[in-house]
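Have a look at the structure below, then the notes.
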Amino acid sequence: MTDTTARPRTDGGVVAPAGGAVGTARTRLEGRDKVTGAARYAADVPFDGLAHGWLVLSTVARGRITSMDTAAVLGMPGVLGVVHHGNAPRLHPAGLFGPDGQLQLLQDDRVPHVGRPVALVVARTPQQARAGAAALTVTYAEEPHDTVFRAGHPAGRPAPAAPARPDADLGDVEAEIAAAPVVVDQRYTTPEEHHSAMEPHASMARWEDGRLEVVDSNQGSFMVARVLATLFGLDQEIVRVRAEHVGGGFGSKGVGPQLVLAVMAATLLRRPVRVALTRRQVFSTTGLRPATEQRLRLASDSTGRLRAIDHATAAFTSTIQEYVERNTEASNVMYAADAIRTRTTVVPLDLPTPGWMRGPGAAAGSFALESAMDELAQAVGVDPVELRLRNEPSAGPVSGLPFSSRNLAACLREGARRFGWADRDPRPGTRREGRWLLGTGVACGSYGAGALPSTAAITARADGSYTVSVGAADIGTGARTALALVAADALGVPPESVRMRIADSRLGAAWFAGGSKGTASWSWAVTAAAADLRERLASVDRVPPDGVTGRGDTTDAIGALGKQERQSYGAQFAEVAVDTGTGEVRVRRMLGMFAAGRIVNPLTARSQLVGGMTMGLSMALHEEGARDEALGALVNSDFAGYHISAHADVPDIEADWVEDVDDSNPSGIKGVGEVGIAGTAAAIANAVWHATGVRHRALPVRLDRVLESGFPAAR
Ligand code: MOS
């Protein structure tokens with residue numbers, strides 16, 4: 001890349017010296033604690049006098065609460081209280097990214113969807129609370145509801161341009177399409193999908209000496225504490241939130257309903273209250289990936305060079321909060337074209353509010369774009385790897401901005417080499433092995449990279465140890481371990497002398513474990529703190545008993561960064577076998593090659609990428625929230641009904657990366673949390689086409705859909 005103005009060393013030239021820790025595979029610092037059960041999750045931490053809250057969820061999709069028979073429940077054994085809209089503390093507008101209607105719990109009698117918390121029953125034991133919640137009679141004045149999503153729904157409205165990238169309008173899409181010899185024009189649909197972190201959401205709240213203490217399962221304790229303070233009208237100084245160990249988040253662990261209700265109950269009852277969700281409650285009330293319907297029009301010349309990309313997407317949101325699924329992001333950055341147009345529509349329905357779910361926007365968006373690219377390759381008669389290489393842009397196709405680094409072409413070439421792509425017969429439906437039809441597919445993906453403002457502190461002790469304090473969250477990613485490696489190199493010391501303190505709002509402002517920007521953001525702050533500490537240490541003869549502390553804050557440095565296109569990229573290859581008798585699709589092997597900046601810990605980075613690909617496999621073949629139209633309720637809110645790929649569904653998945661030097665920020669890190677799921681579903685669906693000759697434009701590619709497609713006769 002040639003842009004030099006975009007790389008100011010405004011942090012004072014802090015670049016980690018080559019200490020050798022970064023880039024070496026390390027097992028997790030807390031790994032032993034986790035596998036021996038010593039690591040405590042939010043619901044495991046004991047407290048004196050702990051009471052237990054149990055959620056009561058609405059059973060109607062729209063209406064008003066007309067009565068709630070709390071008296072009967074209050075007389076039940078162990079029951080200490082019932083929190084509801086008649087007695088709940090009043091809340092102020094607050095949210096992680098602006099006021100969030102989802103957090104305004106128990107504020108009035110309105111019911112916006114099935115599964116909305118309408119009360120919390122608090123008792124001495126979880127069993128008593130559960131019995132009380134089951135016994136609480138709530139009556140509703142029901143109103144007609146609408147929970148059926150479709151793109152042309154009359155309630156649909158254009159998504160606001162901010163805060164994400166606005167819709168694109170480059171060139172004249174209609175003119176290019178009219179003049180192009182090859183046009184693909186198709187619709188793709190993806191269903192409602194649900195996060196299923198191994199650890200269900202749980203929170204404990206208590207008041208102690210006028211301070212609110214919270215033990216939570218979240219993706220960023222500082223940001224959660226800030227929201228809580230605003231929500232309850234408290235000084236953030238008196239609010240402390242910790243989330244030492246978190247068993248997965250995938251975007252679902254922001255400010256959870258269980259946290260807001262635990263704080264309410266602790267405030268009303270003046271005792272510690274824990275609220276832990278059941279798996280069904282996680283399905284009902286902690287966010288989801290909205291269903292999408294996307295229309296893709298691709299136009300090219302006879303060699304496959306793109307003249308137009310026209311990507312229109314629609315997804316649902318709730319009536320209480322506008323969540324926008326940014327499916328068109330990839331169409332802004334993946335391929336060069338003379339004209340690019342994107343449109344994003346949100347359809348508010350009587351449904352739970354969607355939210356971030358691993359690869360938000362990209363997971364479903366890449367399914368549409370990368371399926372359409374495969375269809376274009378077929379229409380033009382060009383190999384799908386070659387088609388993508390032919391449309392490689394030299395700068396942001398819409399923005400015109402330079403890429404901080406890209407290297408997607410290297411991913412495609414190296415991936416094709418390792419996968420054995422050159423031997424592929426492009427004709428569909430030609431490889432047979434007994435009752436199986438075999439096929440291979442490729443797709444690309446990207447996810448936004450970058451860093452967001454964070455702070456960190458490092459204290460050097462006289463015994464030669466260093467304590468790194470940063471408000472990071474380790475949601476199972478290995479962030480704690482990665483940050484120790486970054487700190488070790490930045491300090492020029494072995495990782496063994498570094499101790500990590502994370503996941504505590506008292507450690508100062510820090511970005512969330514989200515948007516694939518956690519490690520990049522925190523590492524930069526840690527690196528800056530190390531530089532400050534080294535300067536301070538240089539001016540003392542020896543470390544005093546209480547240590548020397550260096551501090552870093554990246555706010556100014558990030559604010560001074562030039563504009564660039566910053567993304568992680570990946571190319572994914574899949575081989576599937578389709579059972580000609582049952583229509584069952586089995587993935588036989590997958591390979592993902594990624595360009596994701598500097599890789600801090602190859603062991604955990606690979607796990608992140610393989611995990612993303614596994615979730616993409618699950619999305620391609622299994623995951624689908626099913627709603628009953630008459631009730632507006634999710635009918636498969638458990639692991640019996642909501643299918644997730646299990647071990648037997650997941651073959652050996654390989655993930656690796658190409659050299660990708662992004663020196664647009666001193667950490668050089670791009671993030672690996674989400675790019676692994678971008679493109680996976682398309683790679684698999686494209687492989688199913690190659691196996692059978694039939695396109696699947698609706699996810700998941702269920703066996704009934706494969707059978708009903710008329711395959712293999714249809715080819
Ligand atoms: Mo991620 S969906 O930003 O946790």
Quiz item: Got the relative contact order for the chain handy, in percent, Cα pairs under 8 Å and 6 or more residues apart?
Solution: 18
Quiz item: Roughly how compact is the range 196-259, stated as its Cα Rg over 2.2 N^0.38 Å to two decimals?
Solution: 1.07
Self-check item: Å² per residue, accessible surface of the range 557-607 at 1.4 Å
Solution: 27
Exercise. With the full set of protein chains in place, find how many percent of the accessible area of the range 299-416 is carbon and sulfur; take the probe as 1.4 Å.
Key: 47
Quiz item: Averaged per residue, what accessible area in Å² does the range 59-173 show with a 1.4 Å probe, protein chains only?
Solution: 49
Practice problem: Assign unit charges at the C-beta atoms only (+1 for Lys and Arg, -1 for Asp and Glu), then state the dipole size of the chain relative to its Cα centre in Debye, rounded to the nearest 20. | Solution: 800
Quiz item: In Å, what is the Rg of the alpha-carbon atoms in the chain, and how long is Dmax?
Solution: 25.9, 82
Quiz item: What is the sum of charges around ASP216, taking Lys and Arg as +1, Asp and Glu as -1, for the other residues whose C-beta is under 14 Å from the C-beta of ASP216?
Solution: +2
Self-check item: Neighbourhood net charge (10 Å Cβ-Cβ; Lys/Arg +1, Asp/Glu -1) for ARG606
Solution: -2
Exercise. May I have the pair-distance distribution P(r) for the range 587-715, computed from all Cα-Cα distances with 5 Å bins from 0 and rounded to whole percent?
Key: 2, 10, 16, 17, 15, 14, 11, 8, 5, 2, 1, 0
Practice problem: Run the numbers on the range 543-633 and let me know its relative contact order in percent, using alpha-carbon pairs under 8 Å that are six or more apart. | Solution: 19
Quiz prompt | Extreme residue, positive dipole direction of the range 548-658, given options MET619, GLN572, VAL600 (C-beta unit charges) | solution = VAL600
Quiz item: Using the heavy atoms of the protein chains alone and a 1.4 angstrom probe, what is the accessible area of the range 200-244 per residue in square angstrom?
Solution: 34
Quiz prompt | Helical contribution to [θ] at 222 nm, DSSP H n ≥ 4, -39,500 (n - 2.57), averaged over the chain, rounded to 500 | solution = -7500 deg cm²/dmol
Quiz item: Any idea what diffusion coefficient the range 23-79 gets from Stokes-Einstein, in µm²/s, Kirkwood Rh on alpha carbon pairs, 25 °C, 0.890 mPa s?
Solution: 147
Quiz item: Excluding same-chain residues fewer than 8 positions from LYS563, which lysines have a Cα within less than 26 Å of its Cα?
Solution: LYS517, LYS670
Self-check item: Anchor LYS34: aspartates and glutamates whose Cα lies under 16 Å away (excluding residues fewer than 8 positions away in-chain)
Solution: ASP44, GLU199, GLU244, ASP474
Quiz item: Looking at PRO397, ALA265, SER371, which one has the Cα that reaches farthest to the positive end of the dipole of the chain (charges on Cβ: Lys, Arg +1; Asp, Glu -1)?
Solution: ALA265
Self-check item: Apportionment of accessible area to carbon and sulfur, the range 42-189, percent (1.4 Å)
Solution: 54
Self-check item: Given charges at beta-carbon only (K, R positive; D, E negative), |dipole| of the range 597-650 in Debye
Solution: 480
Quiz item: Toward the positive end of the charge dipole of the chain, about the Cα centre and with charges on Cβ (Lys, Arg +1; Asp, Glu -1), which of ALA490, VAL347, ALA682 goes farthest?
Solution: ALA490
Quiz item: Ignoring ligands, DNA and RNA, what percent of the accessible area of the range 259-298 is carbon or sulfur (1.4 Å)?
Solution: 44
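The values are calculated or read from the model by the stated rules, or taken from the named source; none is laboratory data. If you're wondering where the values come from, they're calculated on a predicted model, not measured in any experiment. So basically every Cβ, Gly included, is an ideal-geometry build from the backbone, and we count neighbours across all protein chains shown. Keep in mind that these areas ignore ligands, DNA and RNA; they rest on the heavy atoms of the full protein, side chains included. Shrake-Rupley method; radii C 1.70, N 1.55, O 1.52, S 1.80 Å.
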